[in-house]
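Each remark here refers to the structure printed beneath this line.
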């Protein structure tokens with residue numbers, strides 16, 4: 001923990017980014033489920049909310065993290081403060097970020113950006129030929145992704161009740177956009 005000039009502490013210094021452990025799936029599922037009512041379901045239809053809830057079940061999280069179904073989430077990372085998971089991010093189909101979630105009390109501290117950086121660096125290492133990383137941004141996360149350097153690459157779309165903005169970032173630009181290491 002870092003003591004800041006104003007006497008406050010910088011808790012982000014105490015947040016570690018690591019690969020998820022097999023036992024983490026229950027806490028990851030709880031994190032995602034806690035975000036559905038207020039953040040993830042902002043512009044979704046009831047069908048879209050049902051899909052989110054189904055995909056956030058602990059068993060489904062565990063199966064995807066374990067690579068037991070396609071598409072497996074690989075790479076994936078968690079942000080951990082003490083013993084608590086406060087963030088989660090995952091890639092599917094080699095270069096598409098499919099999940100970036102940060103616990104409500106931890107948002108706005110750069111944890112999501114650190115997760116995105118870790119995911120992109122892992123994509124770079126695993127797939128050196130890849131030029132871009134993509135994602136589909138929910139409206140509430142659009143500004144954050146724009147700040148990270150992602151750009152819209154097409155119109156917003158609606159699929160089974162889920163609305164998203166497809167975005168992309170050129171991998172070679174990532175080091176210039178993020179001014180810190182994870």
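The values are calculated or read from the model by the stated rules, or taken from the named source; none is laboratory data. Note that this is a predicted model, so its numbers are computed, not measured. Glycine also receives a Cβ, built like all others from the backbone with ideal geometry; neighbour counts cover every protein chain displayed.
Do the conditions hold for residue 89, that is, is it out of contact with any helix residue (DSSP H, G or I) (no Cβ under 8 Å at 6 or more places or on another chain), closer than 19 Å to residue 144 by Cβ and at pLDDT 75 or above?
Working: out of contact with any helix residue (DSSP H, G or I) (no Cβ under 8 Å at 6 or more places or on another chain): no; closer than 19 Å to residue 144 by Cβ: yes; at pLDDT 75 or above: yes.
Against the criterion (out of contact with any helix residue (DSSP H, G or I) (no Cβ under 8 Å at 6 or more places or on another chain), closer than 19 Å to residue 144 by Cβ and at pLDDT 75 or above), residue 89 does not qualify.
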_Quick check on the range 132-149. Is at least one of its residues under 27 Å from residue 104 (Cβ atoms), crowded, with 16+ Cβ neighbours inside 10 Å and more than 14 Å from the chain's Cα centre (by Cα)?_
yes
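One line per residue, one yes/no per condition, for (1) in a loop (DSSP other than H, G, I, E, B); (2) modelled with pLDDT of 90 or more:
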residue: 51; (1), (2): no, no
residue: 61; (1), (2): no, no
residue: 72; (1), (2): yes, no
residue: 85; (1), (2): no, yes
residue: 98; (1), (2): no, no
residue: 112; (1), (2): no, yes
residue: 115; (1), (2): no, yes
residue: 133; (1), (2): no, yes
*Go through the range 1-26 and give me each residue that's farther than 15 Å from residue 102 by Cα, at pLDDT below 65 and either in contact with a helix residue (DSSP H, G or I) (Cβ under 9 Å, 6 or more places away or on another chain) or in a helix (DSSP H, G or I) (or both).*
1, 2
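From the list 109, 114, 84, which residue is buried (at least 23 other Cβ atoms within 10 Å of the Cβ), more than 19 Å from residue 64 (Cα to Cα) and touching a residue at least 24 places away in the same chain (Cβ under 8 Å)?
Working: 109 fails: buried (at least 23 other Cβ atoms within 10 Å of the Cβ); 84 fails: buried (at least 23 other Cβ atoms within 10 Å of the Cβ).
Residue meeting the stated conditions: 114.
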*Which pairs have Cβ atoms under 9 Å, sit 6 or more apart or on different chains, and link a residue in the range 150-164 that is on the phi > 0 side of the Ramachandran plot and modelled with pLDDT under 85 to one that is in a loop (DSSP other than H, G, I, E, B) and crowded, with 16+ Cβ neighbours inside 10 Å?*
161/44
